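Below is one structure, written out as structure tokens; the observations come after it.
What follows is calculated from the coordinates using simple rules that are stated; it is not laboratory data. Everything numeric in this text was worked out from a predicted model, so none of it was measured. Counting neighbours? That spans all protein chains shown, and the Cβs are built from the backbone with ideal geometry, glycine included.
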Amino acid sequence: MQHTSDMSNYRFEQAEQCLVSAQTLIDANDYKGAANRSYYAVFHAMRSVLALQNIDFGKHSAVISHFRKEYIKTDVFIVELSDIIEQLFTVRNKCDYDDFYIVSKEDVTNQLVSASYFIAEVSKYLKTK
């Protein structure tokens with residue numbers, strides 16, 4: 001059990017660091033980079049929850065699918081978190097893979113707010129485990 005909590009804590013620390021990085025990138029006017037880090041904050045937070053069950057996946061889509069199935073559809077987390085995952089995942093993919101996609105400062109700032117909310121909700125959950 002100690003190993004799973006250690007892994008969960010490590011992944012959650014990664015999530016928190018991604019939030020810091022996203023803000024730094026916004027301040028440096030690197031909005032695509034900030035979108036990437038905001039998404040990864042949420043991704044690592046999801047993985048921190050899965051680590052408590054000693055579960056992980058090699059694909060982002062599998063992590064997202066499992067998290068939604070086991071934690072959102074079962075009302076462990078509110079359904080709005082699913083919307084946050086979808087929005088951040090979509091924008092991150094566009095930023096990373098669409099050469100001509102432009103994301104605004106306002107959009108990435110909103111993404112950072114959403115990611116921060118997601119992290120706060122996961123933090124509350126982890127404190128109960």
| query | Which entries of LYS32/LYS59; LYS69/LYS129; LYS32/LYS69; LYS69/LYS127 show an alpha-carbon separation above 24 angstrom in the structure shown? | reply | LYS32/LYS69
| Computed [θ] at 222 nm, helices only, for the chain once each DSSP H run of length n ≥ 4 contributes -39500 (n - 2.57) | -25500 deg cm²/dmol
| query | Between HIS66, HIS44, SER21, whose Cα lies farthest towards the positive end of the dipole of the chain when Lys and Arg beta carbons carry +1 and Asp and Glu beta carbons carry -1, centred on the Cα centre? | reply | HIS66
| Near ALA35, within a Cβ-to-Cβ distance under 13 Å, what is the net charge of the other residues, with Lys and Arg +1 and Asp and Glu -1? | 0
| query | What is the chain's relative contact order, in percent, from Cα pairs under 8 angstrom and six or more apart in sequence? | reply | 33
| query | Taking amide hydrogens as modeled 1.01 Å from N in the peptide plane, which residues meet the under 5 Å criterion relative to TYR101, leaving out close sequence neighbours? | reply | none
| field | Check: the chain dipole with +1 on Lys, Arg Cβ and -1 on Asp, Glu Cβ, in debye | value | 360
| field | Low-density loop cleavage sites - trypsin sites (Lys or Arg not before Pro) in segment 51-97, where at most 11 other Cβ are within 10 Å (DSSP) | value | LYS59
